[in-house]
Amino acid sequence: MDAYIRIRNLIKTFGSFTALNGIDLDIGEGEVVCVIGPSGSGKSTLIRCINLLEDFSPESEITVAGIRVEKGRNLEKVRAEVGMVFQSFNLFPHLSVLRNVMLAPMRVRGLSETEAARRARDLLARVGISEQADKQPGQLSGGQQQRVAIARALAMEPKAMLFDEPTSSLDPEMVGEVLDVMRALAGTGVTMVVVTHEMGFARQVADRVIFMDGGRIVESGLPHDIFDTPKSDRTRNFLGAVLNH
Amino acid sequence: MDIFDTFFNVPVLVRTFPLLISGLWITLQIGFTAIIAGLVVGLTLALVRLYANRILRGLAKIYIDIMRSIPLLVLLIIVYYALPFVGIRFSPFVSAVAALTLVSGAYTAEIFRAGIEAVPKGQFEASRALGLGYRHMMVDVVLPQAIRIVIPPLTNNCINVMKDTALASVVAMPDLLKQATQAQALAANPSPLIGAALIYIAFLWPLVAIVARLEKRFGAKER
């Protein structure tokens with residue numbers, strides 16, 4: 001089976017710093033992959049390359065659904081198929097919650113106002129924010145904002161979703177509500193790549209866990225293999241540090 | 001003759017008032033035309049300065065820097081008195097509007113650029129990640145947020161343009177100041193100048209007050 005997201009020899013440098021040092025990765029359709037690792041290991045950079053929020057070395061290649069990720073006509077097509085959720089939510093502060101979710105389907109997919117509003121209300125109900133539809137994003141809690149951001153990405157009916165540390169800037173009591181939405185989403189067949197520090201979530205929900213360090217994939221495997229019997233010392237040290245305190 | 005007869009001579013003021021009002025009308029015409037044209041030029045320049053290729057970006061920067069350094073009076077004299085030597089002849093009105101627009105456009109460009117740059121990076125990234133094209137990203141996401149940031153400095157710039165219209169009097173435009181100096185000569189009394197000053201204050205003061213209120217409101221919203 002062809003991979004839905006196919007990454008070959010991904011190299012990314014910031015000046016003299018090598019953030020990604022030759023990543024090869026295939027992600028199947030519907031697969032849920034959690035990417036873990038210390039900060040600065042390149043996890044976020046990796047998923048930001050998938051929709052070209054970061055450009056990468058010309059010798060590298062990424063394809064999504066067979067479409068090459070590169071500047072030009074195809075890029076907006078790829079981005080429309082791949083949703084993204086950010087650590088800092090990035091909702092549009094001048095638009096209501098409902099309008100945040102409606103915007104891209106209307107502008108990119110050409111949905112009518114009524115269709116877009118109906119889709120947006122459905123999605124807001126799915127993430128449990130129906131009553132807040134007419135509020136401004138600033139009036140919502142962090143957890144609610146992040147759920148709106150998930151609804152906004154889903155409104156494009158993406159085949160894949162990228163999550164860039166979606167719970168890292170949330171107050172602890174709000175982490176659960178966002179993870180619940182993501183857990184429900186994982187059951188719907190959407191391909192998910194999740195950069196996270198939530199080891200419990202990775203263990204329960206991921207089909208595969210990838211441990212990164214120093215811009216490379218150190219280890220990759222089933223959650224219980226990675227968490228219970230890690231092969232690499234670096235993985236063991238990292239997990240020891242995050243799990244035992 | 002005491003100070004009131006000299007500077008606040010009511011009969012002279014009453015007599016010259018219609019003249020001043022006709023001047024005010026010209027001033028407003030020059031000012032509004034230059035402000036609108038300056039906004040269009042400024043927004044275009046700001047977008048070129050931020051997003052065009054290297055060469056155009058460089059040219060836009062040079063243009064902006066020159067126009068911000070050149071005294072408006074000098075520019076106006078060049079446009080009205082020097083350009084005819086190379087065969088380009090503008091009416092006083094067009095000359096005044098052109099000079100004001102060239103300069104106002106440069107200032108407006110810097111204001112818009114600062115406003116666009118003040119929109120957080122995450123807003124651009126979220127737009128791109130959703131597949132919005134450049135035009136929709138700017139029109140639906142970035143500019144509406146930038147506008148709120150730039151309204152106070154833009155209004156300030158409008159006030160400056162309105163005041164600078166007084167320079168049009170040097171190219172024989174019968175604007176408010178020109179009419180006032182003419183009336184002063186006719187009446188052999190400087191009261192019309194004071195009248196003109198009062199008229200400038202009367203229509204610019206509200207704008208100044210609006211800026212202060214906008215700054216307060218937007219400032220409060222950011223917190």
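The values are calculated or read from the model by the stated rules, or taken from the named source; none is laboratory data. Keep in mind that this is a model prediction, so the values were computed, not measured. FYI the Cβ positions are ideal-geometry reconstructions off the backbone, even for glycines, and counts take in every protein chain you see. Accessible surface areas use protein heavy atoms only, side chains included; no ligands, DNA or RNA. Shrake-Rupley method; radii C 1.70, N 1.55, O 1.52, S 1.80 Å.
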- Where nothing but the Cβ of Lys and Arg (+1) and of Asp and Glu (-1) is charged, how large is the charge dipole of chain B around its Cα centre, in debye to the nearest 20? 760
- Query: Expressed as an acute angle from 0 to 90° and rounded to the nearest 10, what is the orientation of the C-alpha long axis of helix A:172-186 relative to the principal long axis of chain A?
  - Reply: 90
- Which value at 222 nm does chain B reach when only helices count, each DSSP H run of 4 or more adding -39,500 (n - 2.57), with the total divided by all residues and rounded to the nearest 500 deg cm²/dmol? -26000 deg cm²/dmol
- Note on the structure: All alpha-carbon distances of segment A:34-134, grouped into 10 Å bins from 0, give the whole-percent distribution 13, 35, 31, 19, 2
- Task: Within segment B:79-164, report the trypsin sites (Lys or Arg not before Pro) that DSSP leaves as loop and that have at most 13 other Cβ atoms within 10 Å.
- Result: B:Arg89
- For segment B:57-114, count all C-alpha to C-alpha pairs, find those more than 20 Å apart, and express that count as a whole percent of the total. 30
- Query: What order do you get for B:46-58, B:178-190, A:76-88, A:60-72 when each peptide is scored by the mean count of other beta carbon atoms within 10 Å, highest first?
  - Reply: A:76-88, B:178-190, A:60-72, B:46-58
- Note on the structure: segment B:133-193, convex hull of Cα, quarter of hull surface, nm² -> 6.2
- Query: Rounded to the nearest 20 Debye, what is the dipole magnitude of segment A:97-232 about its Cα centre when Lys and Arg each give +1 and Asp and Glu each give -1 at the C-beta?
  - Reply: 560
- Message: Using only the alpha carbons of segment A:117-231, what is the convex hull's orientation-averaged projected area in square nanometres?
- Response: 8.1
- Query: Straight-line reach from B:Lys61: which aspartates and glutamates have a Cα under 12 Å away, not including same-chain ones fewer than 8 places off?
  - Reply: B:Glu110
- Degrees between helix A:142-154 axis and first principal axis of chain A (Cα, 0 to 90, nearest 10): 90
- For segment A:17-113, the dipole about the Cα centre with charges only on Cβ (Lys and Arg +1, Asp and Glu -1), to the nearest 20 debye, works out at 480
- Delta accessible area of at least 20 Å² on complex formation, residues of segment A:91-116, 1.4 Å probe, chain isolated as reference: A:Phe92, A:Pro93, A:His94, A:Leu103, A:Ala104, A:Arg107, A:Val108
- Message: Run the numbers for B:Phe203 and B:Lys121: contour at 0.36 nm per residue of separation, minus the present Cα-Cα distance, in nm.
- Response: 25.6 nm
- Note on the structure: One point scatterer per Cα, no solvent, Debye formula: log10 I(q)/I(0) for segment A:2-60 at q = 0.14, 0.27 Å⁻¹ comes out as -0.38, -1.29
- Query: Restricting the count to DSSP beta bridges whose residues both fall in the protein assembly as shown, what percent are antiparallel, rounded to a multiple of 5?
  - Reply: 55
- Note on the structure: Across 10 Å bins beginning at 0, the whole-percent shares of Cα-Cα pair distances in the protein assembly as shown come to 4, 16, 21, 18, 13, 11, 8, 5, 2, 1, 0
- Item | Set A:Lys12/A:Lys159; A:Lys43/A:Lys135; A:Lys77/A:Lys159; A:Lys43/A:Lys231; A:Lys12/A:Lys71 screened for pairs whose C-alpha atoms are more than 22 Å apart | A:Lys12/A:Lys159; A:Lys43/A:Lys135
- To the nearest 10 degrees, how steep is helix B:54-69 against the longest Cα principal axis of chain B, on a 0 to 90 scale? 20
- Is there a simple number for the mean count of other chain Cβ atoms within 10 Å of the Cβ of residues in B:137-146, and what is it? 3
- When the accessible area of the protein assembly as shown is computed with all protein chains present and a 1.4 Å probe, what percentage of it is carbon and sulfur? 59
- For segment B:45-150, taking Cα atoms only, what is the radius of gyration to one decimal and the Dmax to the nearest whole Å? 17.5, 55
- Everything considered on the Cα gyration tensor (a ≥ b ≥ c; rounded for a/c under 1.5, else prolate if a/b is larger than b/c, else oblate), chain B must be described as oblate
- What is the distance, in nm, between label points placed 7 Å from the Cα along the Cα-to-Cβ direction at A:Arg109 and at B:Arg89? 6.3
- Query: When the helices in chain A are scored as -39500 (n - 2.57) per DSSP H run of 4 or longer and the sum is shared across all residues, what 222 nm value do you end up with, to the nearest 500 deg cm²/dmol?
  - Reply: -11500 deg cm²/dmol
- Nearest-0.05 FRET efficiency for A:Ser16 and B:Gln29 at R0 = 56 Å, using Cβ-Cβ distance, is 0.45
- Query: ³J(HN,Hα) across segment B:156-167 via Karplus (A = 6.51, B = -1.76, C = 1.60, θ = phi - 60°), whole Hz, x for Gly/Pro?
  - Reply: 4, 4, 4, 4, 4, 4, 4, 5, 5, 4, 4, 5
- Message: Keeping every protein chain present and rolling a 1.4 Å probe, give me the accessible area per residue for the protein assembly as shown in Å².
- Response: 47
- Note on the structure: For the pair B and A, the solvent-accessible area buried on both sides (1.4 Å probe; DNA, RNA and ligands excluded), in Å² to the nearest hundred, is 1600
- Query: Among B:Leu76, B:Ala188, B:Ser127, whose Cα lies farthest out toward the positive end of the dipole of chain B, if unit charges sit on the beta carbon of Lys, Arg (+1) and Asp, Glu (-1)?
  - Reply: B:Ser127
- Task: Would you mind pulling out the separation of the Cα centroids of segment A:174-191 and segment A:45-91, in Å?
- Result: 22
